[in-house]
């Protein structure tokens, strides 16, 4: 989905967002196949077992009626049950609330990005993600959460995406002195603990209050 202004994470419903990302890959696959003179087909559903019937003189139901004809699968059903849809749903849930296993998210992000770009996992298309699209918002937010879980610095744009605010709001907060970057220059970057505390203060799900000085943090925030 593309709009005239940046989307916010808080606007996204995980199920609908995952379906949209899956549809985006499906649409591109259809375009690619059309160029080759081919088309996608929906796989036939597995056959149903024959039903047992109880005929006169056959109280135990030893006779069998013909197997009922299975209902054809729809494209929406196939896409909704696909590995890609499950992968997209996991990424959206992580982007919005940090739900999921942090150690599994780099691989999930790599696979989803490759599917959306139409490249092999690990390869880069050089595409810059548009924050007026669901794909752009989700991928930027997932990457930002991964960076914070690994205690790496993040950019103002990444904090803004997680906080569902405009990047200018982050810069205004810096000007007010309530958010300190790691140093001068662009892009403006922030230490992981500073970013996590800011996001916690804004009530962004998945972030906890900073541990007291001298305490050991038990895991990624």
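Read-outs: derived from the displayed coordinates by stated rules, not from any lab. Not measured: the values here are computed from a predicted model. Note that we place each Cβ from the backbone using ideal geometry, even for glycine, and neighbour counts take in every protein chain shown.
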Considering the Cα trace of the range 151-208, what is its radius of gyration and what is Dmax, both in angstroms?
-> 10.2, 29
When you count, for each residue, the other Cβ atoms within 10 Å and take the mean per peptide, how do 10-23, 136-149 rank with the highest first?
-> 136-149, 10-23
So what is the relative contact order for the range 151-208, in percent, with contacts set as C-alpha pairs under 8 Å and at least six apart?
-> 38 percent
